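Report on the structure given below.
The values are calculated or read from the model by the stated rules, or taken from the named source; none is laboratory data. Just so it is clear, the structure is predicted and the values come from calculations on it, not from any experiment. Ideal geometry is used to build each Cβ from the backbone, glycine not excepted, and the neighbour counts take in all protein chains shown. Keep in mind that these areas ignore ligands, DNA and RNA; they rest on the heavy atoms of the full protein, side chains included. Shrake-Rupley method; radii C 1.70, N 1.55, O 1.52, S 1.80 Å.
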Amino acid sequence: MADRTTDPVVVIGLGRFGRALALQLTEQGTEVLGIDSNEKTVAALANQLGNIAVADSTDIEALRQLGVPDFRHVVCAIGSDIQASILTVGLLSDLGIPDIWAKAISQQHRDILARVGAHHVVLPEHDMGERLAHVLTGRLLDYVELDDDFAMIKMKPPRDLVGITLSESGIQAQMNVTIVAVKREAAGPGARFEAAHGDTVLMYGDTIVAVGPVPNLERFAEME
Ligand code: ATP
């Protein structure tokens, strides 16, 4: 399997999202080629990103000249210019890029990007809004959607689960929710998450991480 962390990545569109992504990848030691059609944007980032170019990504020749077809991972981080985003992803698909990621700004935009060849589409603002809604309205300390219908939550354990082993609680069989990790309040301020097992006994004050289908997790989070 290719080592994802060291494979170089092309980031097209260096707005807030693309810039943050490109800089984070660089900080993690991944080689990045940044592309943006705006000269000022490129000039402002030239010191921080070694490999950066001014180009219009809707021009297939420009992509070829920059060597984009040789990359495995390409991210199209153009958002509000939907036409440019769709054209770019279509061209990346025509060039046979094996791992195309794209940012969408709406569900319809996401569907079109998937149809023209994006392998993964992210909707950062929508996803963050959804996550915040879950955290604000419930007992959840955090919420991460891992797939359309599957998520991970961080919360305090429901009262019914305290004082018995996870196997005894039967929570996995009854609710199809799996508690994967626990952080012990009793262990003090330096406590870390550790893997949960069938014989783990939860205590008041613990923090747990659970995974499962979204509707099941919602029911689980409402347990007393
Ligand atoms: P963000 O929220 O991340 O700031 P945004 O959703 O507002 O971004 P846009 O403004 O559409 O996204 O685009 C982000 C960047 O993409 C901009 O810096 C813009 O110059 C660049 N961009 C737009 N069209 C093209 C294109 N055809 N080729 C290359 N870069 C482009």
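Quick notes
- The residues of region 87-108 that are of a type in the set (D, E) and outside any strand (DSSP E or B) amount to a single one, D94.
- Residue check: I208 meets all listed conditions (1) farther than 21 Å from Y143 by Cα; (2) modelled with pLDDT of 95 or more but one, namely (1).
- So E130, is it in a helix (DSSP H, G or I) and of a type in the set (D, E): yes
- Any chance V135 is modelled with pLDDT of 95 or more and among the β-branched types (V, I, T): no
- Candidates A114, A84 - the one that is free of Cβ contacts under 8 Å to residues at least 12 places away in the same chain and either in contact with a Pro (Cβ under 9 Å, 6 or more places away or on another chain) or assigned to a helix (DSSP H, G or I) (or both): A114
- Residue selected from region 24-57 under the condition hydroxyl-bearing (S, T, Y) and open to solvent by 50 Å² or more (accessible area, probe 1.4 Å), by the criterion nearest to the ligand (Cβ to nearest atom): S37
- Yes/no for D81 being out of contact with any Gly (no Cβ under 7 Å at 6 or more places or on another chain) and within 22 Å of P124 (Cβ to Cβ): yes
- Residue within region 197-210 that is within 30 Å of T88 (Cα to Cα), in contact (Cβ under 8 Å) with a residue 12 or more places away in the chain and not assigned by TED's automatic domain parsing to the domain that holds Q83 present: no
- Residues in region 175-195 that are open to solvent by 60 Å² or more (accessible area, probe 1.4 Å), without any contact (Cβ under 8 Å) to a residue 12 or more places away in the chain and either within 13 Å of V209 (Cβ to Cβ) or not hydrophobic (A, V, I, L, M, F, W, C) (or both): 3 in all.
- Out of L21, L14, sole residue that is surrounded by 13 or more Cβ atoms within 10 Å (Cβ to Cβ) and either more than 10 Å from the ligand (Cβ to nearest atom) or in a loop (DSSP other than H, G, I, E, B) (or both): L14
- Residue match in region 94-106 (condition: open to solvent by 50 Å² or more (accessible area, probe 1.4 Å), in the same structural domain as L14 (by TED's automatic domain parsing), within 14 Å of the ligand (Cβ to nearest atom) and among the polar types (S, T, N, Q)): no
- Scanning region 143-158 for residues that are open to solvent by less than 50 Å² (accessible area, probe 1.4 Å) and over 23 Å from Q107 (Cα atoms) yields a total of 4.
- R72 vs. criteria touching a strand residue (DSSP E or B) at 6+ places or on another chain (Cβ under 8 Å) and more than 16 Å from the ligand (Cβ to nearest atom): yes
- G67 in the same structural domain as G13 (by TED's automatic domain parsing), open to solvent by 30 Å² or more (accessible area, probe 1.4 Å), at positive phi and modelled with pLDDT of 95 or more: no
- Residue match in region 78-91 (condition: over 24 Å from G117 (Cα atoms), modelled with pLDDT under 95 and in contact with a strand residue (DSSP E or B) (Cβ under 7 Å, 6 or more places away or on another chain)): no
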